[in-house]
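The values are calculated or read from the model by the stated rules, or taken from the named source; none is laboratory data. Keep in mind that this is a model prediction, so the values were computed, not measured. Positions of Cβ are generated from backbone atoms using ideal geometry, with glycine treated the same way; all protein chains shown enter the neighbour counts. Please note that ligands, DNA and RNA were not included when accessible areas were found on the heavy atoms of the full protein model with its side chains. Shrake-Rupley method; radii C 1.70, N 1.55, O 1.52, S 1.80 Å.
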Amino acid sequence: MRRDLDRLMQQRGLAGLVVFANDRYCPAMYYAAGRKFHRAIYFRAADGRAHLIADPMERDDAAKTGIEYSTLAQHRWMQRIDAQGPAGGHADLIAEMLGTLGIQGKIAFFGDLEASFAFELLHQLLQRAEGLEIDRAHPDLMSLARATKDADEIEAIRRASKSVVRAYAKLREHLATLRPDGDRFRNGAGVVTLGQLRTLLHREFLADELEGGESIVAQGRDAGVPHNRGNDAEPLRAGVPVIVDIFPGEAGGGYHSDFTRTFCMGAAPEPLRRLYDDCHAAFRGVMETLKVGESCRSYQEKTCAGLEARAHATVRSNQGTEEGYVHGLGHGVGLAVHEAPRLGGPPSNTQTLEPGMVVTIEPGLYYPSRGLGVRIEDLVVMRADGGYDNLTPAPYQLEIEPRA
C-alpha cells in the first residue's frame, strides 16, 4: 500500500503527505499506517521516510507498525493546545515535525475532521511552515492509491464476502421454512418481520467478527427507493419484492464487502417478474463483457442503453428521474463501502479498470409508485490477466417458495 503512495507522490511531484486521526477511526490512517488509531498524526516523505505521532494510550499499536514513532506527550501536545488552541496547537506540532523530517514543498493532507477545524488547522499551518503548499489535485492521491488493492487487502475483502454469501444462504434457508398466513408468514415465534431478517443477517456477521452496518432490508414501495433501509416492524409479505443489500466490514473499522439480492416470497406477479428479468439482463450484459483496460464509465453507458431499449427511463435519458434506472452502475469497495473507482458519473470520469480494483456491479430498476424495486449486485476483483473473480457468488432466483 505504501509503495502506491510513494509512487503517486513522485508522479505528482509531492514532497510528502500528512494523515490526521482526531478522536475517531480514520480509514486513511489505517491505509497509511497499517493499523487503526483514534488519535495520531502520520508523516511520510516522498522518499519513503515516515514518522508516526500517537496517543500514549496507543503506543503498543504504534510499536507494531514498524514505523518510527513518538507520542503526543513527548511533543508537549497538551501544553501546545492550552497555549494556542486546538487548531493552532496541532498546526504548530505538524509544522515542527515537517521541519524535522525535511519535508518542504507541496504536501497532501488527509483525515476525517470537522470542516471548520480542518480549515483553521491548514490556515494556521500555512503561516507556520515555510515553503508549504497544499496539494489540491482531484482525484486526490489517497483515493487513487486506494482504488487498487494488494493481495492482503483482497484477502480481507474476500473474507468479508464469504461471510456475506454464507449469511444470505442462511437467510434463504430460513425463509423456506416459514409458514404462510394469508399474505404474511410465521415461524415458531409468530409473524415474521423485516427486522427479524435483518437480525439474522447481522448475527451471522458477528459470528465472523464483522459489523453489519446500516444494512438494507426493504420491501414493496420502500424497495423502490434505492437507499431506503426498510421498516423493521413491517411484516414480511407475499408477492412483493424484498431487497437485501448487505455490506459488512471488519469490526472496529477495516475492509468491507457489498452485495444485493432481490427476492419475492411465493409466486412473483408478472409486473415484478418482467422488471426483475430486465434488471437481470442488464446485470448479465455487464458481467459477460467486464475486463481490464475498459473505461469504467462505458459500462454505465452500456447499461443505460440496454434499459432504455426496454422502455425504462435512466439517468442518461433524464438526469432527475426518480423511477427507472436512477443511479450509477457501481463503485469501488475497500476501507469504505463507497470509494474509487466509479462506474458512472460525468464524461470527465476517464478512469479505466485496472488489475486489483474491487468494484460492484449493481444495476437496479425502481418504481415506488407501483410498489416495485429490484437490484442485483455482485462484488468483483479485476485480475492481472484481464478477467475478474466474482467474490459474492450466490443464487439469483427471484422466488422463494415457503413451506406449505
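Brief remarks follow.
- Residues of the stretch 275-324 that are under 23 Å from the mean Cα position of the chain (by Cα), β-branched (Val, Ile, Thr) and farther than 22 Å from THR148 by Cα: THR303, VAL315.
- Which listed residue, of ALA267, ALA282, is farther than 30 Å from MET29 by Cβ, crowded, with 20+ Cβ neighbours inside 10 Å, in contact (Cβ under 8 Å) with a residue 24 or more places away in the chain and of a type outside the set (Lys, Arg): ALA282
- Comparison of LEU98, LEU72, LEU121 shows that the only residue that is closer than 25 Å to PRO27 by Cβ and in contact with an Asp or Glu (Cβ under 9 Å, 6 or more places away or on another chain) is LEU72.
- Going through (1) in a loop (DSSP other than H, G, I, E, B); (2) within 29 Å of ALA268 (Cα to Cα); (3) open to solvent by 40 Å² or more (accessible area, probe 1.4 Å) one by one, ALA305 falls short only on (1).
- Condition check for SER348: modelled with pLDDT of 95 or more, open to solvent by 60 Å² or more (accessible area, probe 1.4 Å), of a type in the set (Gly, Ala, Ser) and out of contact with any strand residue (DSSP E or B) (no Cβ under 8 Å at 6 or more places or on another chain): no
- GLY253 part of a loop (DSSP other than H, G, I, E, B), within 30 Å of ALA28 (Cβ to Cβ) and either in contact (Cβ under 8 Å) with a residue 12 or more places away in the chain or open to solvent by less than 40 Å² (accessible area, probe 1.4 Å) (or both): yes
- Residue match in the stretch 214-222 (condition: touching an Asp or Glu at 6+ places or on another chain (Cβ under 6 Å) and either crowded, with 18+ Cβ neighbours inside 10 Å or not in a helix (DSSP H, G or I) (or both)): yes
- SER143 surrounded by fewer than 18 Cβ atoms within 10 Å (Cβ to Cβ) and polar (S, T, N, Q): yes
- The residue that is modelled with the highest pLDDT, counting only those in the stretch 358-404 that are of a type in the set (A, V, I, L, M) and open to solvent by 60 Å² or more (accessible area, probe 1.4 Å), is ALA384.
- Across the stretch 189-213, the number of residues qualifying as open to solvent by 70 Å² or more (accessible area, probe 1.4 Å) and of a type in the set (Asp, Glu) comes to 2.
- Filtering the stretch 15-60 to residues that are in a loop (DSSP other than H, G, I, E, B), open to solvent by 30 Å² or more (accessible area, probe 1.4 Å) and within 16 Å of LEU113 (Cβ to Cβ) leaves ASP23, ARG24, TYR25, HIS38.
Conditions tested, residue by residue: (1) of a type in the set (Phe, Trp, Tyr); (2) in contact with a strand residue (DSSP E or B) (Cβ under 9 Å, 6 or more places away or on another chain); (3) within 30 Å of GLU204 (Cα to Cα).
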position	(1), (2), (3)
HIS227	no, yes, yes
GLY230	no, yes, yes
ILE243	no, yes, yes
TYR255	yes, yes, yes
PHE259	yes, yes, yes
PHE283	yes, yes, yes
CYS304	no, yes, no
HIS312	no, yes, no
GLN319	no, no, no
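- Note on the stretch 149-188: residues that are in contact with a Lys or Arg (Cβ under 8 Å, 6 or more places away or on another chain), outside any helix (DSSP H, G or I), open to solvent by less than 40 Å² (accessible area, probe 1.4 Å) and in contact (Cβ under 8 Å) with a residue 60 or more places away in the chain total 2.
- Boolean, LEU113 is part of a loop (DSSP other than H, G, I, E, B) and either modelled with pLDDT under 95 or open to solvent by less than 30 Å² (accessible area, probe 1.4 Å) (or both): yes
- Condition check for GLU323: closer than 30 Å to CYS26 by Cα, touching a Gly at 6+ places or on another chain (Cβ under 8 Å) and not basic (Lys, Arg): no
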